[in-house]
1. Where does the charge balance sit around residue 48 when Lys and Arg score +1, Asp and Glu -1, over other residues with C-beta under 10 Å from its C-beta?
2. Of the accessible area of the chain, with the probe set at 1.4 angstrom, what percent is carbon plus sulfur?
3. Treat every Asp and Glu Cβ in the range 1-88 as -1 and every Lys and Arg Cβ as +1, leave all other atoms uncharged, and give the resulting dipole magnitude about the Cα centre to the nearest 20 debye.
4. Note the full-extension length gain between residue 104 and residue 89 as 0.36 nm times their separation in residues minus their Cα-Cα distance, in nm to one decimal.
5. Taking 30 Å as R0, compute the FRET efficiency from the Cβ-Cβ separation of residue 1 and residue 71 and round it to 0.05.
6. Once you've got the GNM for the chain with C-alpha springs shorter than 10 Å, pick whichever of 106, 64, 19 has the biggest mean-square fluctuation.
7. What 222 nm value per residue comes from the helices of the chain, counting each DSSP H run with n ≥ 4 as -39,500 (n - 2.57) and dividing by all residues, nearest 500 deg cm²/dmol?
8. Find the accessible area per residue for the chain; the probe is 1.4 Å, ligands and nucleic acids are left out, and the unit is Å².
Amino acid sequence: MLERIGYALQKGREVERTLVGIEPFGQMIDLLAILPPEIPLPEIVVESENQIGLDWDEGSRRVLTLTVDDTQYVGFAALIGHEPLYGRVPLAGQIPETVAYLFRRLYPSSILSEPILR
């Protein structure tokens, strides 16, 4: 995970000429720390100095992006089958229920043997 974070920050700095603020970086670390180990590592994308995207792409019509910024909210955008879902939910020390639902939809229950919420 540290390698992915380092690569994303370096790419943002060198290619996009974007330095990430401490608040979005901290929010990203907080979110990654509470993800269950059954969830594969996301691709990390520096979207701006105030936003970092975490992307899971499991093939055609099975994608989820979580966006963290300098607020206490996490944005989400998903396409699962023909159903687009998007919005923002508070991030308060545990995986928000809506985001847990999206992970369960993205990854079959055989992969996630236990509930995501703690």
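The values are calculated or read from the model by the stated rules, or taken from the named source; none is laboratory data. Note that the structure is predicted; figures quoted are calculated from it, not measured. Heads up, the Cβs are rebuilt from the backbone with ideal geometry, glycines too, and the neighbour counts pull from every protein chain shown. The protein model used for the area step is the full one, side chains on, heavy atoms only, and it has no ligands, DNA or RNA in it. Shrake-Rupley method; radii C 1.70, N 1.55, O 1.52, S 1.80 Å.
1. Here the charged neighbours net out to -4.
2. 52
3. Numbers: 7 positive and 15 negative charges, 23 e Å.
Around 100 debye, computed over the range 1-88.
4. Details: separation 15, 0.36 × 15 = 5.40 nm, distance 1.68 nm.
Full extension from residue 104 to residue 89 adds 3.7 nm.
5. For residue 1 and residue 71, the calculated efficiency is 0.85.
6. Residue with maximal mean-square fluctuation among 106, 64, 19: 19.
7. -9500 deg cm²/dmol
8. Solvent-accessible surface per residue comes out at 59 Å².
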